[in-house]
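The values are calculated or read from the model by the stated rules, or taken from the named source; none is laboratory data. This one's a predicted model, so the numbers in the text were calculated from it and none came from an experiment. As a convention, Cβ positions derive from the backbone with ideal geometry for all residues, glycine included, and neighbour counts pool all protein chains shown. To get the accessible areas, we keep the full protein, side chains included, count just its heavy atoms, and leave off ligands, DNA and RNA. Shrake-Rupley method; radii C 1.70, N 1.55, O 1.52, S 1.80 Å.
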Amino acid sequence: MDYSDLMKLAGGHVEARIVQAAVELEIFETMGSHALEAASIAGSLDLEPRATELMLNALTALGLLRKRENRFSLTDLSARYLKRGAPGYLGGMIRFEASLWHCWASLTEAIRSGRPVRPADMYQENPTETAIFIDAMDSLVKARGDAEIMADAFDWDNAHELLDVGSGPATYPISLCQRFSNLRATIFDLPATLALTECYVREAGLSSRIRLISGDYRVDEIPGSYDVIFLSNIIHGESFEVNQRLMVDLSSLLKPGGSIIVKDHILDSTRANPPVGALFSLLMLLTTAAGRCYAADEVTAWMLAAGLMHIRQIDLPAPLNSSLIIASKEAGVKNSC
Ligand SMILES: C[S@@+](CC[C@H](N)C(=O)[O-])C[C@H]1O[C@@H](n2cnc3c(N)ncnc32)[C@H](O)[C@@H]1O
């Protein structure tokens, strides 16, 4: 790293905030496929004209707009990811990032106290926050194609019953049920999230194949028995001990020969690599009671203690920045219940 890299790191909030504000102001949506002058964009969004021109110039400098003869238009990248309705639209995730701004502003305080800087409620108390959170998950997973890539990494031939724990917008079970006609899914999630999950499942026309169960996996029993249990971006929100217990509880719901698939930012033994996991742990410090990213050896230990076997890690390709850790229950073992 040199001087320029360091200064870019130290001032990275400037670029982030420009992108977030542009999405919040709906600048990209307004421009559509037209080349427009600053005054016209300011007029249609009811913004102050001089400030708007400064913003548009900054977005051009960042490569998110093109400027020719005082007219601004979308670049290929912004048309693909920042225009609402585009298949790769990332606006939901960027709005969620913007909503976390005040949390990151309190990082210094959190390192001193070791405590979250907002209610550690998984965005359940305020319906607007729940919607922003769940829309973010949907937008990120769809933009990157996580569900399709995850599906390719596992053999679904013998999977008939899937449990998705903490499914959020149901992006994975919807994609999997669309791909595998013999698959049925159960989603277990918190009540405020589940009210939104229901809309995603209904819009996909899959209400008859995806069952929704409301509850808190820390305290409530999950009914049923399953061929595959999936946990995507769940373990990083919980303490070591909660994850350890959850793995035992979930493995008791597996049919003989069934598998648990954990998808997350899995750290290596240094706990500082890959960087996305090391940085994401700080977001969990800011927003959860005791979450962080975990290393492969920690997840493996929970799985072994839960009696699972054939544990393997699959690092998913960029830009997913995630790994799968998959473990199976012995084929001949019957559930104790
Ligand atoms: C980060 S989101 C992940 C959503 C989805 N699995 C994905 O990867 O896109 C975490 C999800 O877990 C749910 N969740 C968090 N704590 C939970 C709990 N104690 N019991 C049930 N669901 C929970 C949240 O409501 C949310 O839907």
May I ask you to list the residues in the stretch 229-280 that are open to solvent by 10 Å² or more (accessible area, probe 1.4 Å), touching an Asp or Glu at 6+ places or on another chain (Cβ under 9 Å) and basic (Lys, Arg)?
255
When the residues of the stretch 129-138 are narrowed to those that are near the ligand (Cβ under 8 Å from one of its atoms) and in contact with a Pro (Cβ under 8 Å, 6 or more places away or on another chain), which ends up most open to solvent (accessible area, probe 1.4 Å)?
137
Going by what's in this entry, would residue 213 be described as in the same structural domain as residue 263 (by TED's automatic domain parsing) and either more than 12 Å from the ligand (Cβ to nearest atom) or closer than 15 Å to residue 253 by Cβ (or both)?
yes
Subset of the stretch 176-203, residues within 20 Å of residue 263 (Cα to Cα), within 13 Å of the ligand (Cβ to nearest atom) and open to solvent by 20 Å² or more (accessible area, probe 1.4 Å), comes to 190
Which of (1) out of contact with any Cys (no Cβ under 6 Å at 6 or more places or on another chain); (2) more than 14 Å from the ligand (Cβ to nearest atom); (3) farther than 21 Å from residue 324 by Cβ does residue 206 not meet, given it meets every other one?
(1)
Tell me whether the stretch 139-147 contains one or more residues that are farther than 25 Å from residue 222 by Cα, buried (at least 18 other Cβ atoms within 10 Å of the Cβ) and out of contact with any helix residue (DSSP H, G or I) (no Cβ under 8 Å at 6 or more places or on another chain).
yes
Grab the strands (runs of 3 or more DSSP E) fully contained in the stretch 146-230, keeping just those with 2 or more residues being β-branched (Val, Ile, Thr).
184-189, 210-214
Restricting attention to the stretch 5-16, does a residue exist that is closer than 22 Å to residue 80 by Cα and under 32 Å from the mean Cα position of the chain (by Cα)?
yes
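Determine whether the stretch 109-128 contains at least one residue that is under 14 Å from the mean Cα position of the chain (by Cα), more than 12 Å from the ligand (Cβ to nearest atom), closer than 25 Å to residue 24 by Cα and open to solvent by less than 40 Å² (accessible area, probe 1.4 Å).
Keep residues of the stretch 109-128 that are under 14 Å from the mean Cα position of the chain (by Cα), which gives 122-123.
So of that shortlist, the ones also more than 12 Å from the ligand (Cβ to nearest atom) come out as none.
Among the residues of the stretch 109-128, not one is under 14 Å from the mean Cα position of the chain (by Cα), more than 12 Å from the ligand (Cβ to nearest atom), closer than 25 Å to residue 24 by Cα and open to solvent by less than 40 Å² (accessible area, probe 1.4 Å), which makes the answer no.
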In the stretch 25-49, what residues are charged (D, E, K, R), within 18 Å of residue 66 (Cα to Cα) and at pLDDT 95 or above?
26, 37
